[in-house]
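The values are calculated or read from the model by the stated rules, or taken from the named source; none is laboratory data. Computed from a predicted model, the values in this text were never measured in an experiment. Every residue, glycine among them, receives a Cβ derived from its backbone with ideal geometry; neighbour counts consider all protein chains shown. For accessibility, only protein heavy atoms count, side chains too; no ligands or nucleic acids. Shrake-Rupley method; radii C 1.70, N 1.55, O 1.52, S 1.80 Å.
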Amino acid sequence: MKKMSLEQRGALLVLFPMVCQIVFVLLLTAQLLSIHANISRQSQSCDLITKTISLNAYAVNLGRMNRMHWSANPLQSGSQEQLPLTGVTSDNKRFALLGDKIHQIGERFEPDQVQRHQIAVFTRTGEEVLRRLKELRYNQEKGWKHWKHVHDRYEIALVNSCQQMLNAADNVVEYEEAKRLGSEEATNSQFENLNTFLTLAIAVTIVAAFVMAAFYIRDILIPLKHLRANCLRISRQEALLPVLQDGSEFSQLDEILHAIRCATLEEQEREKSMVENTNDLICSLSQEGKFLRANKSAREFFGIAPEAIVGESLFDFVADEDRALAEKGFHDALAEGESSSLEFRVKQDDGLMHTRWSCLYSSESKELFAVVHNIEQEKIVERLRQDFVDMVSHDLRSPLSSMHVSLDLVGQKAYGEISKEAEQEVSGAQRNLIRLLDFVNDLLDFQKLKHGTLQLECDNAHVDSLVQSALDLVKPALQAKEIKIETSGEDILLFADPKKMVQLLTNLLANAIHYTPKNGKISVAWARSLDHTEISVSDTGPGIAEEFRKRIFEAFEQTPEAVSKGEGTGLGLAICKLICDAHNASIFVQSEVGKGSKFIVRIPSPKG
């Protein structure tokens, strides 16, 4: 049988106690209302009995007083023809009070038909007594002479009326007393029932509490503990407990946890396979530089199995010449706590291997994680590139320079007259040689700057002098395109390599001249801020599209227009970037297609 859903369980835990409480309150209210009704009936019965007895006594006493008024002392009152005015007034007040009491009892609401009849009889006899009293008083007021002849008749009538009233009162009191006793017994019985009900309610509440607790433990707490245990096992990479089989949401969630565990194991296996089968060495080291873990590539790098290298010191495998460099880089990586790169050689059975270590220190696990690359092929390529540069420097630049001098002499007719066609060919050959020499020179400068072999000769230099030197070098190109040049800036002293700064400005100006149309304008401006000096070169060329701005300072990168014209080497801006890097400066471009470009160089001010 499928168990209730989690929503149904929650609703049951909330609604069941609530319904029990509502039923309890309703039953208790009904009991209390019934008790209150019985007590009210008892109170009403007592009140009726009290008023009946009181009325009866008052009427009888009043009759006795009037009957005996003269008969008690006829001689004293025999000389009087009538009663005093004060006595008449007092009797009238008593008669009025008696009438009010009779009226109150007669107007009383009585649901019991039998009692209602008896009260009606009682009120009628009371009214009869009142009437007889008034008659008696009326005849007494006529004086003793009259009264002594008629008093027997009225006294006998009054006595009979009082006797009837007493009998009616006895009937009302006896019947009401029986009702009161019945209500009292019913009330006592209800109190006993109430005690039994409260005891039963407490017992039911305790039982329900235990039932709900057992329900909560079985259907909620135990599954939650099961899920918690499986979550902890996932975090510890342990086998999970079996899946819950109750078909509830907890079971579905447990199935998800098992699926996550399976997916995690599969992903771990894939990652482990990748780590173990990669050509790079992946390892972790302690703060003392000892290997904690390593993949299978440890055998290729150090000639030792991954299990055997655990506990060995890294520095025992480093070439003696690079040991100090490796120790310094290792401790710097521990101190910085950021990704860092080290290069040093490690020992092998057949020699040394160039390696690059990409390291990251974890302060939580106190381990240094490293990915080690074999850069032996890179070093070979680098040596070949350097050999090529040396070849270009020694075996290409010198012959090109000699050819340029020879063509220049031919163009100057040092060897005799030449035809116009030959002169044009010589001039074209000179331009191509100049372009080739510029390319060779740019290539050599780029290589030196990129590998840091070019030493800077920094000195104090005025920015306006550096700008003027660069303008002098590009003056022929400016005049050829009739470009207007504008300069602006204050007198600023800059600490930098003057030659390299002139080369930087020359490349920026040459780039601006190249893209500025004829009769255009180029602006050079410089200014000092709090922590740097800013130099900018602006042109009115076509601008640079956004997709080319991000890589405009990379080597051999050119805009499509320059590539289509076959102009430039693509190294000018790359050399500018390297010169800025050498001075800890920055360079960037601001451009909008159709509105020109602005290259900005920011050189930090010297501290102190």
- [ ] Determine the gain in length on full extension of the stretch ALA11-THR205; use 0.36 nm per residue of separation and subtract their C-alpha separation, reporting nm with one decimal.
- [x] 68.0 nm
Task: 1.4 Å probe accessible area per residue over the chain, in Å² - done: 59
Task: Residues GLU177 and ALA157, FRET efficiency given R0 of 30 Å [Cβ-Cβ distance, rounded to 0.05] - done: 0.50
Task: Sulfur and carbon atoms: percent of accessible area, the chain [1.4 Å] - done: 56
Task: FRET efficiency for HIS462 and ALA545, using Cβ-Cβ distance with R0 set to 51 Å, rounded to 0.05 - done: 0.90
Task: Sequence ranges 592-600, 336-344, ranked by mean other-Cβ count within 10 angstrom, highest first - done: 592-600, 336-344
- [ ] Quote the FRET efficiency, to the nearest 0.05, computed for LEU530 versus ASP332 with a Förster distance R0 of 35 Å and r equal to the Cβ-Cβ distance.
- [x] 0.70
Open item on the list: Between ASP316 and GLU376, what is the label-point separation in nm under the 7 Å Cα-to-beta-carbon projection?
Closed with: 2.3
- [ ] Please quote Rg/Rh for the chain to two decimal places, taking the Kirkwood radius as Rh and restricting both calculations to Cα atoms.
- [x] 1.58
